[in-house]
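Readers should treat all values here as calculations from the given coordinates under stated rules, not as data from a laboratory. Quantities reported herein were computed from a predicted structural model and do not represent experimental measurements. Cβ placement follows ideal geometry from the backbone for every residue including glycine, while neighbour counts extend to all protein chains displayed.
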Amino acid sequence: MSENLSQETLHQLAARWSPSQDKSHRFKIFRDTSDFFRIEYGDIVILNDTPYLIRHNAKEGRFGLDEEVKFWVKRAIDLTTGETKIIKLVFYENFIARIGDIEFECFRSPRKEARILNLIGKHDNFMHGFSVRDDPGNVVRILDFIYGRTIADHVRDLASRIDHETYFYLHFPKILDNFIECVEAIRFLHERGEKHGDIRRDHILMDRDTERYRWIDFDYNFRHRENIYGYDLFGLGNVFMYLVGMGDVLIPHIKTANPQVFGELSDDDTNIVFNNRIANLIKIYPYIPENLNRILMHFSKSANVFYDHTLQLLDDLNEFKSSSFQTGDQK
């Protein structure tokens, strides 16, 4: 199709999204996405002969980086179908992450994300898409847009309206069911020699159409010689701690809100990754069952034994689920 993409044709295709566009306007057309800073609102990117109208840059949702623009991630319109897409361009970075005394070398890998997109196909608990190469050979990922919000936003909304005990008995059972599905999805990757690489609570979207929890953003990879899946497992632990606690239970907050409980806390009760977060949540919410709290303590500074595989975590989650409450739709 790209051979027939004159400026007049592009104006016709883009008219629905730019009705007031001056007909004399000339679209900037990119077939090379290497310099993603140059690709801006209203430009056209052509990939595999398909024109995409660029709308906005995505923004970071990570705690502390809210609203930071990700210039290599573009929201766009497929002008052949009218569908909204997310286009991820090639961007490399690396850093060292630490969990206790364990170091992980983390880096972005577009090829790894492209490989996983091909592996998962239409799996219900992952984002969907495909990869193409632009003219110079950059691995560009084109993703279906998921309408919905993050699980973090969902829990934050509940926390603004109800107390923890109400949340735990009325809402957490359904959340647990969905989280177990998410862990099963990570198990699917691990059993095929792949990793998610960046497991965070803002990387689980609640699909508005299907009501399924779906993992996004697989482009991080990491190296560690002892357990290649360890970083994913600690990520799952942090997400689960957030879900059980109806948000992060922070030491400064407990010090102010409940000085007596604060006085009973020790360093062993804290999260092994984020030392200002409490892992031993039974000390804060005594109605939390022991077998649930034992799962959380695998991710505390006092842990002597960690989960080596998702199957171990799933066994404990399912044991808790079967011994505690039966779930229903408690929205």
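Test of understanding: what is the full-extension gain from D163 to H123, defined as 0.36 nm times their sequence separation minus their Cα-Cα distance?
So the chain would gain 10.9 nm between D163 and H123.
Quick check: pseudo-label points 7 Å beyond the Cα along Cα→Cβ at F91 and S323, how many nm apart are they?
Distance between label points: 4.5 nm.
Over the chain, what is the relative contact order in percent, taking alpha-carbon pairs closer than 8 angstrom and at least six residues apart?
Relative contact order for the chain comes out at 13 percent.
Pull up the DSSP beta bridges for the chain and report the antiparallel fraction as a percent, rounded to 5.
Numbers: 44 of 47 bridges.
Expressed as a percentage, antiparallel bridges in the chain total about 95.
Checking a compactness column here: for the chain, what do you get for Rg(Cα) / (2.2 N^0.38 Å), N being the number of residues?
Expressed relative to 2.2 N^0.38 Å, the Cα Rg reads 1.12.
Under a plain spin-label model, where a point goes 7 Å from the Cα along Cα-to-Cβ, how far apart in nm are E184 and E60?
Modelled inter-label distance: 3.4 nm.
Cβ neighbours within 10 Å, averaged per peptide: list 103-109, 255-261 in order, most packed at the top.
Final packing ranking: 103-109, 255-261.
I'd like the distance separating the alpha-carbon centroids of region 4-30 and region 281-301, in whole Å.
Here the answer is 58 Å between Cα centres.
Going down the table (K88/K112; K59/K112; K59/K85; K255/K283; K174/K321; K85/K122), which pairs top 18 Å between alpha carbons?
Numbers: K88/K112 13 Å; K59/K112 22 Å; K59/K85 15 Å; K255/K283 13 Å; K174/K321 11 Å; K85/K122 16 Å.
Result: K59/K112 exceed 18 Å.
If region 199-331 were replaced by its equivalent ellipsoid, with semi-axes equal to the square roots of 5 times the Cα gyration tensor eigenvalues, what would those be, largest first, whole Å?
Values: eigenvalues 119, 80, 52 Å².
Output for region 199-331: semi-axes of 24, 20, 16 Å.
Rg (Å, one decimal) plus Dmax (Å, integer) for the alpha carbons of region 2-89?
For region 2-89, the Cα-based Rg and Dmax read 13.6, 46 Å.
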